[in-house]
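This report refers to the structure that appears directly beneath it.
The values are calculated or read from the model by the stated rules, or taken from the named source; none is laboratory data. Computed from a predicted structure; not experimentally measured. Using ideal geometry, Cβ is built from the backbone for each residue, glycine included, and neighbour counts are taken over all protein chains shown.
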């Protein structure tokens, strides 16, 4: 095997499985598809891609990589082990192999090189070490150490501080000439003897060889090859599953309750694009939860594409058409949609209410609640917790410490907060209970949403179809209500408390809401009789009849607005009151008055006066406003911030490697004459042969070379994966544009298998 002279040479010498592993472990390298292996090597040494790769290394991985940077090039595994004493050589070798696999280190077994980008990303002072003596002007380390043996205590304190923390210190005129005789301070004492060297005019530095000797050859104080063990506690898995399922059921019902209410009375959109504090508090009151849990419900609704702004110039938050489809599914299926959205969203509901920019606070649904690293950290934390086994929980602090080791470059305090918030939110969603991952949550994390829904459905209680009406104008639902019963009851009464049993309260306002939605008094009475296990109490029957008797006596139409009432006495009373002046009512007849006030405003003002008006259409009929009629237009699933592109599937990774190999072979053969406008890969083919090759490629799923003339008459060669061939059009995945596109078959000049 030829010794590689560069990273590109190294990649050319790797087998296909190693290259496929590289593009899957560093997916940013494959977007768009590299033209050849040289381009792959070039991308892998960019600063951004290298930083991404280092962000995924553990603390031990970074320690080994720092050792590779400190060694002279090329280095051997034995030199790494010398800098990491007391660390098993097998662990060092395994981690070195991982760094080679990621193309952060290249070479051959006894001559390895970190890439230039790795050196730059690790920084000027790897592992807290300064430049070598050779860089700082030369010299031998022995005289320096001999001088330190007789150093005063205050001088040793300075050296000790620079040995393990940071190798530099700020000093005025650091590059001035200092002699042992003229030295008056500890720093001058060290400068005079060359133990410290000037780095620039204001900075002194401890040379690398001196620091390493003072560290007894150790690059790090402590090397940990494994993550810290979590502090565990155990619960009965059956109890965890039961509690998690109850939480999941409540979450689904809260989302439905909130969106049903917002379909009737949608909250406004802030200028910043979010939800106001008052609207969040109102949502918390409606759901009978605290504001933090209300924010989670709101954010989940949006992340699941069930909630969106009303239009191009948004002024309201409304349910989307997807909400109606969501409501037709089972409770378990609805939950999996919400939980999957939470796992992948870059939004962090726990940020709502925390301090934002300046003196402001973070509002729900605003861009300030986005954190690009949230999805990765959320999955790492939950996958780690799930790996502990059913019913096993760990203290939050111990999991935070494990992730400090797993991803030391990612986030600092933000990383720690995101781990804490993720675990808290997972318990509030029903993925976890008592700090342990439930069965449905475990299946969801494994990527099997259907099995997760089935597991949850097994735990959920059967919905009930009846309530218990009480004389104090309340109703008790002894369990989760069937959807149609819950929606009808939610229109007629307000939730007063929730839990194992839900308590609803009837009021004049709630009954009027049902009448406004087109229900008649007899329909309300009939519904309650059909779902109650007890007779309808007389106070409730009287309340419905009384509100219905007054409902719609006043009629509002459009003038500005007109006011019509078949009972002149009611209009007399209204005209005599103060509201007449505020609304600027003018009487036209005993039963009709007009006002410049808009109908919707007039409706609200009269209701504030304790009246029960109804809107009237142009034909005199009552205008019914049903709560489920307010929807946005169709909305896609919201896009989320992403730190890394998703890894390509094994099939796509194999196609990428195949294309790069073919390009390399084509380049090595050099140009050949195969027809006007064609390069080295694709000869001209007859249409019959072209169609035959295309059909075979579609059937087999293989990649091909395609010669193609675009609309501008420019010939080009492309590597494509044919998907379908019909109506004179080839649909194929185009590796050059990294997407699926269509090619007119009559513009195809030639085809050839990708070999």
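Figures for the structure shown
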item	result
Residue pairs meeting the criteria (Cβ under 6 Å; at least 6 apart or on separate chains; first over 18 Å from residue 376 (Cα atoms), in the stretch 38-58; second assigned to a loop (DSSP other than H, G, I, E, B))	40/34; 44/103; 45/115
Meets criteria (buried (at least 21 other Cβ atoms within 10 Å of the Cβ), in contact with a strand residue (DSSP E or B) (Cβ under 6 Å, 6 or more places away or on another chain) and closer than 30 Å to residue 396 by Cα) for residue 244	yes
Residue list for the stretch 187-200, filter: under 54 Å from the mean Cα position of the chain (by Cα) and more than 23 Å from residue 128 (Cβ to Cβ)	188
Test: residue in the stretch 597-608 that is at pLDDT below 80, over 24 Å from residue 520 (Cβ atoms) and not in a helix (DSSP H, G or I)	yes
Some residue of the stretch 534-556 being assigned to a strand (DSSP E or B) and in contact with a helix residue (DSSP H, G or I) (Cβ under 7 Å, 6 or more places away or on another chain)	yes
Residue identified as crowded, with 16+ Cβ neighbours inside 10 Å and at pLDDT 90 or above among 515, 473, 481, 489	473
One residue from 397, 417, 384, 359 being touching a helix residue (DSSP H, G or I) at 6+ places or on another chain (Cβ under 7 Å) and either modelled with pLDDT of 95 or more or surrounded by fewer than 19 Cβ atoms within 10 Å (Cβ to Cβ) (or both)	384
Residue tally, condition in a helix (DSSP H, G or I) and within 19 Å of residue 59 (Cβ to Cβ), over the stretch 385-425	16
Failed criterion for residue 566 (all others in (1) surrounded by 20 or more Cβ atoms within 10 Å (Cβ to Cβ); (2) modelled with pLDDT under 85 hold)	(1)
Cβ-Cβ under 6 Å pairs, at least 6 apart or on other chains, the stretch 162-186 side at positive phi, far side surrounded by fewer than 18 Cβ atoms within 10 Å (Cβ to Cβ) and assigned to a loop (DSSP other than H, G, I, E, B)	none
Residue tally, condition surrounded by 11 or more Cβ atoms within 10 Å (Cβ to Cβ), over 19 Å from residue 218 (Cβ atoms) and under 53 Å from the mean Cα position of the chain (by Cα), over the stretch 155-186	9
Strands (runs of 3 or more DSSP E) contained entirely in the stretch 219-331, each with at least 1 residues that are farther than 26 Å from residue 439 by Cα and modelled with pLDDT of 90 or more	307-309, 317-319
Inter-residue pairs, beta-carbon under 6 Å, first free of Cβ contacts under 8 Å to residues at least 24 places away in the same chain and assigned by TED's automatic domain parsing to the domain that holds residue 315 and in the stretch 633-644, second exposed (fewer than 12 other Cβ atoms within 10 Å of the Cβ) and in a loop (DSSP other than H, G, I, E, B), 6+ apart	none
Restricting the stretch 89-124 to residues that are out of contact with any helix residue (DSSP H, G or I) (no Cβ under 9 Å at 6 or more places or on another chain) and in contact (Cβ under 8 Å) with a residue 40 or more places away in the chain, the residue that is nearest to residue 43 (Cα to Cα)	116
Residues located in the stretch 102-122, provided they are in a loop (DSSP other than H, G, I, E, B) and at pLDDT 90 or above	102, 103, 104, 115
Residue identified as touching a residue at least 40 places away in the same chain (Cβ under 8 Å) and surrounded by 18 or more Cβ atoms within 10 Å (Cβ to Cβ) among 198, 207	207
Search result, residues across the stretch 135-146 that are touching a residue at least 24 places away in the same chain (Cβ under 8 Å) and either surrounded by fewer than 14 Cβ atoms within 10 Å (Cβ to Cβ) or out of contact with any strand residue (DSSP E or B) (no Cβ under 8 Å at 6 or more places or on another chain) (or both)	137, 139, 141, 143, 144, 145
Residue tally, condition out of contact with any helix residue (DSSP H, G or I) (no Cβ under 8 Å at 6 or more places or on another chain), outside any helix (DSSP H, G or I) and either modelled with pLDDT of 85 or more or surrounded by 12 or more Cβ atoms within 10 Å (Cβ to Cβ) (or both), over the stretch 642-671	1
Scan of the stretch 736-755 for residues that are farther than 17 Å from residue 657 by Cα, in contact with a helix residue (DSSP H, G or I) (Cβ under 9 Å, 6 or more places away or on another chain) and modelled with pLDDT under 80, ordered by number	746
Matching option when the condition is part of a loop (DSSP other than H, G, I, E, B) and in the same structural domain as residue 308 (by TED's automatic domain parsing), among 444, 365, 382	365
Filter pass, residue 136 being assigned to a loop (DSSP other than H, G, I, E, B) and on the phi < 0 side of the Ramachandran plot	yes
Tally of residues being part of a loop (DSSP other than H, G, I, E, B), touching a residue at least 12 places away in the same chain (Cβ under 8 Å) and over 14 Å from residue 560 (Cα atoms) across the stretch 575-596	3
Residues satisfying the stated conditions in the stretch 426-458, i.e. within 26 Å of residue 58 (Cα to Cα) and surrounded by fewer than 22 Cβ atoms within 10 Å (Cβ to Cβ)	435, 445, 446, 447
Lone unmet requirement of (1) in contact (Cβ under 8 Å) with a residue 24 or more places away in the chain; (2) surrounded by fewer than 13 Cβ atoms within 10 Å (Cβ to Cβ); (3) farther than 30 Å from residue 21 by Cα for residue 149	(1)
